[in-house]
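Note sheet for the following structure.
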Amino acid sequence: MAEQTPDTFRLNRFLAHAGIGSRRVCDDLIQRGGIKVNGELEKNPAIQINPEIDQVMFQGKLVKLQKNVFYYLLNKPRGVITSTTDPFGRKTVIDLIESRERIYPVGRLDYDTTGALLLTNDGDLAYQLTHPKFEIPKQYIALVKGHPNEEKLRELESGIKIENEFVAKGEINAFKIQGNNTEVTLTLREGRKREVKKIFRTMGHPVIRLHRFHFAHILVDDLKLGQWRLLRDEEIQHLKSLMVKLSVHTESQSHRDEKEES
Ligand code: URA
C-alpha cells in the first residue's frame, strides 16, 4: 500500500472517482468485504492507493480511474435515428449533439419516438444500463388507438405474451381517454426492441404517438424536443450508485438461486 503523497487517494475516494458509486456506497462496499487491494481483502476505507502501483479489484474486475467520460441527455425529436451513423444519410442522434468525443446512445428509441435518451462514451455504464438483468425503469407516455379497458391494461402487470417472442411485463401508472384514443403512462424495465408498440398492438390498440418521459428516473422535462444537456453530477452519481446496488442485489440473488438449486 502506498504512503500518502499528492498522487495517492484514500481507498473510498479512489473507488468513487472510478465511478463505482458515491463515497457512502463505496464505504459500504469496503466494509462488506467487496474490495480487494493487491490480492487481499481490504476493509479500511482510509488506506492510501497509488493508481499507478496498486491493483484494486471489485467484482473480479480491475478498477481504473476514469478520464474524459461524458454523459449527455437528449430529448430526442421524431425523425432522427438512434445510431451513430446511417447508411441512408438520415439524421442521427449524434448529429444533434455537439460533442468532440466518440459517444454513442444508451439503448434505442424508434425513429418516430420522442423523449429521454442518454448518450455517453462510458462503455461499462452503457452496457449495464441496457442489460435486461438490471431492470432499469423507463417511463413512457403512449397515445393508443381506441379505449383499452382497465382490465386489459392491467394484464401487463402479470405479463402479456408478444407474438410468440417474449412475455412483456410492466406497470400501468395512469390512463385517460382523449377523444377516440387513450393516453397511457406505463413503466417498463426490460428494454426490448419496439416493446411498447408490440404490447399495444397485441392488445389491439396500436400506438399513435410515443414519448419516453424518463430513463432511470432522469427526466427530460426541462428540455425541448431536440435539446440536450450534460448530465448533472447528482444524476451521474445516481446512475452509478444504482448500478452498484443492482449488481450487489443480482449477485446475492444468483448466490441464493445457486444455493436453492444445490
Ligand atoms: N418501445 C417502443 O415500441 N419504441 C420505442 O422507441 C421505445 C420502446
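The values are calculated or read from the model by the stated rules, or taken from the named source; none is laboratory data. Predicted, not measured: the structure shown is a model, and the values here were computed from it. Here the Cβ is made from the backbone with ideal geometry for all residues, glycine too, and neighbour counts use every protein chain on show.
Cβ-Cβ distances below 7 Å connect the following pairs, each with a first residue in the stretch 204-215 that is assigned by TED's automatic domain parsing to the domain that holds Val184, a second residue that is more than 11 Å from the ligand (Cβ to nearest atom) and part of a loop (DSSP other than H, G, I, E, B), and a separation of six or more residues or different chains: His205/Gly146; His205/Pro148.
Take the residues in the stretch 70-84 that are within 15 Å of the ligand (Cβ to nearest atom) and closer than 19 Å to Lys224 by Cβ, then tell me which one is surrounded by the fewest Cβ atoms within 10 Å (Cβ to Cβ). Checking each candidate, the answer is Gly79. When the stretch 127-147 is limited to residues that are over 23 Å from the mean Cα position of the chain (by Cα) and within 16 Å of the ligand (Cβ to nearest atom), the one that is farthest from Leu188 (Cα to Cα) turns out to be Lys145.
Residues checked against (1) under 15 Å from the mean Cα position of the chain (by Cα); (2) surrounded by 19 or more Cβ atoms within 10 Å (Cβ to Cβ); (3) more than 14 Å from the ligand (Cβ to nearest atom):
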position	(1), (2), (3)
Ser158	no, no, yes
Gly179	no, no, yes
Thr187	yes, no, no
Gly204	no, no, yes
Ile208	no, no, no
Leu223	no, no, yes
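Filtering the stretch 85-113 to residues that are in contact (Cβ under 8 Å) with a residue 24 or more places away in the chain, under 24 Å from Gln128 (Cα atoms) and within 16 Å of the ligand (Cβ to nearest atom) leaves Val93, Val106, Gly107, Arg108, Leu109, Asp110, Tyr111, Thr113. Going by what's in this entry, would Ile199 be described as under 29 Å from Gln128 (Cβ atoms), modelled with pLDDT of 95 or more, within 12 Å of the ligand (Cβ to nearest atom) and among the β-branched types (Val, Ile, Thr)? Yes: the conditions hold for Ile199. For the stretch 33-50, state whether one or more residues are without any contact (Cβ under 8 Å) to a residue 12 or more places away in the chain and in the same structural domain as Gly226 (by TED's automatic domain parsing). Scanning the stretch 33-50 turns up no residue that is without any contact (Cβ under 8 Å) to a residue 12 or more places away in the chain and in the same structural domain as Gly226 (by TED's automatic domain parsing). Within the span defined as the stretch 133-143, one or more residues are modelled with pLDDT under 90, in a helix (DSSP H, G or I) and within 28 Å of Ile218 (Cα to Cα).
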